[in-house]
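The values are calculated or read from the model by the stated rules, or taken from the named source; none is laboratory data. Remember, predicted model here, so these are calculated numbers, not experimental data. FYI the Cβ positions are ideal-geometry reconstructions off the backbone, even for glycines, and counts take in every protein chain you see. The accessibility values were calculated without ligands, DNA or RNA, using every heavy atom of the protein model including side chains. Shrake-Rupley method; radii C 1.70, N 1.55, O 1.52, S 1.80 Å.
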Amino acid sequence: MLHEAHARAQTLGRHNTAFCQADAEALPFGPDACDLVTCKLAFHYFPRPQVALAEMVRVTTHEARVVLIDRVSPEDPERRAYRNRLEKLRTPGKTYVYSESQLVAALDATGLVVEAQARYAEEMEVHEWLQAAEPDGETAHAILTLLTADGDPAGLQVRREANQLLMTHQTCVLVARRR
C-alpha cells in the first residue's frame with residue numbers, strides 16, 4: 001500500500017508527501033507534526049484502539065483532522081456479537097469490528113469531536129470475500145453457515161442474485177478534530 005500511495009502521489013505531482021510504515025501505538029513523529037492522520041480499514045485490527053487513537057491525537061496539530069474509515073458492525077449488541085464471531089472466524093487477526101456509535105464514542109473519549117460523518121456500502125461476492133482470507137474447507141463451511149443463517153444475523157444483507165451470493169459491507173467515514 002505504501003508503494004501504491006507513493007506512486008499515486010508522484011503521478012499527481014504531489015512531492016510534499018511522505019509515507020512510512022510504523023506501529024500505530026508508537027508513531028515516529030513528534031507532537032504537533034501532522035496536519036492530517038488517516039486510518040483506513042485497520043482500526044478493527046488494533047488490540048489497544050484507545051492507545052492508537054491517543055497516538056494519532058498526539059502527533060496532530062491543533063487544527064489537524066483525524067479521519068477514521070472502517071467497516072462497521074450492527075448497532076444491536078446481539079447482531080454485533082454474531083458479526084464479530086463471523087469476522088474472527090474468517091480473519092483471526094481481527095480484534096473487533098465496532099459499530100458506528102462505538103467508533104464515535106472512541107474518538108470522543110480521546111478528546112476528538114466528530115465534525116463530519118458519512119457511510120457507504122460496498123457490495124461483494126461472498127466466495128471472493130471468503131477466499132481472500134484463505135480459510136480451510138471446514139472453516140469456510142462454518143463461515144458460510146453463519147453468514148447465510150435466517151434473518152441476516154450478521155447484518156450483511158446476504159442475498160442470492162442470479163448465480164452469485166452477494167453481501168454488503170457498511171463502511172463509516174469519520175472526520176474529527178481536537179476539542
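Given the residues 109, 81, which is the only one that is over 19 Å from residue 67 (Cα atoms), surrounded by 11 or more Cβ atoms within 10 Å (Cβ to Cβ) and of a type in the set (Gly, Ala, Ser)?
Result of the check over 109, 81: 81.
Does residue 92 satisfy the criteria of being open to solvent by 20 Å² or more (accessible area, probe 1.4 Å), in contact with a helix residue (DSSP H, G or I) (Cβ under 7 Å, 6 or more places away or on another chain) and over 27 Å from residue 37 (Cβ atoms)?
Details: open to solvent by 20 Å² or more (accessible area, probe 1.4 Å): yes; in contact with a helix residue (DSSP H, G or I) (Cβ under 7 Å, 6 or more places away or on another chain): no; over 27 Å from residue 37 (Cβ atoms): yes.
Taking the combined requirement at face value, the residue does not satisfy it.
A search for C-beta distances below 9 Å between a residue of region 53-70 that is under 18 Å from residue 100 (Cβ atoms) and aromatic (Phe, Trp, Tyr) and any residue that is at pLDDT below 95 and open to solvent by 20 Å² or more (accessible area, probe 1.4 Å), counting only pairs 6+ apart in sequence or on different chains, returns nothing.
Among the residues of region 21-40, is any crowded, with 20+ Cβ neighbours inside 10 Å and modelled with pLDDT of 95 or more? The answer is no; no qualifying residue exists. Restricting region 121-175 to residues that are touching a residue at least 60 places away in the same chain (Cβ under 8 Å) and open to solvent by 30 Å² or more (accessible area, probe 1.4 Å), which is farthest from the chain's Cα centre (by Cα)? Here the residue is 175.
For region 148-179, how many residues meet the condition of being aliphatic (A, V, I, L, M), under 21 Å from residue 78 (Cα atoms) and modelled with pLDDT of 95 or more? Spell out the reasoning first.
First, the residues of region 148-179 that are aliphatic (A, V, I, L, M): 149, 154, 156, 158, 162, 165-167, 173-176.
Keeping just the survivors that are under 21 Å from residue 78 (Cα atoms) gives 149, 154, 156, 158, 167.
Then drop every residue that is not modelled with pLDDT of 95 or more, which leaves 154, 156, 158, 167.
Number satisfying all stated conditions: 4.
Could you check, for region 57-76, whether at least one of its residues is of a type in the set (S, T, N, Q) and open to solvent by 30 Å² or more (accessible area, probe 1.4 Å)? Spell out the reasoning first.
The first filter runs over region 57-76 and keeps only residues of a type in the set (S, T, N, Q), leaving 60-61, 73.
From the residues that got through so far, the ones that are open to solvent by 30 Å² or more (accessible area, probe 1.4 Å) too are none.
Within region 57-76, none of the residues are of a type in the set (S, T, N, Q) and open to solvent by 30 Å² or more (accessible area, probe 1.4 Å).
Determine if region 74-82 includes at least one residue that is modelled with pLDDT of 95 or more and among the aromatic types (Phe, Trp, Tyr). Steps first, answer last, please.
Our first condition is that a residue be modelled with pLDDT of 95 or more; within region 74-82, this holds for 74-82.
Narrowing further to those that are among the aromatic types (Phe, Trp, Tyr): 82.
Yes, the conditions are met somewhere in region 74-82.
For region 30-88, a residue qualifies if it is part of a helix (DSSP H, G or I), under 14 Å from the mean Cα position of the chain (by Cα) and farther than 23 Å from residue 126 by Cβ, and the qualifying residues are 43, 49, 52, 53. Scanning region 42-56 for residues being open to solvent by 40 Å² or more (accessible area, probe 1.4 Å) and over 25 Å from residue 145 (Cα atoms) gives a total of 5. Among the residues making up region 2-20, a single one is open to solvent by less than 80 Å² (accessible area, probe 1.4 Å) and of a type in the set (Val, Ile, Thr): 17.
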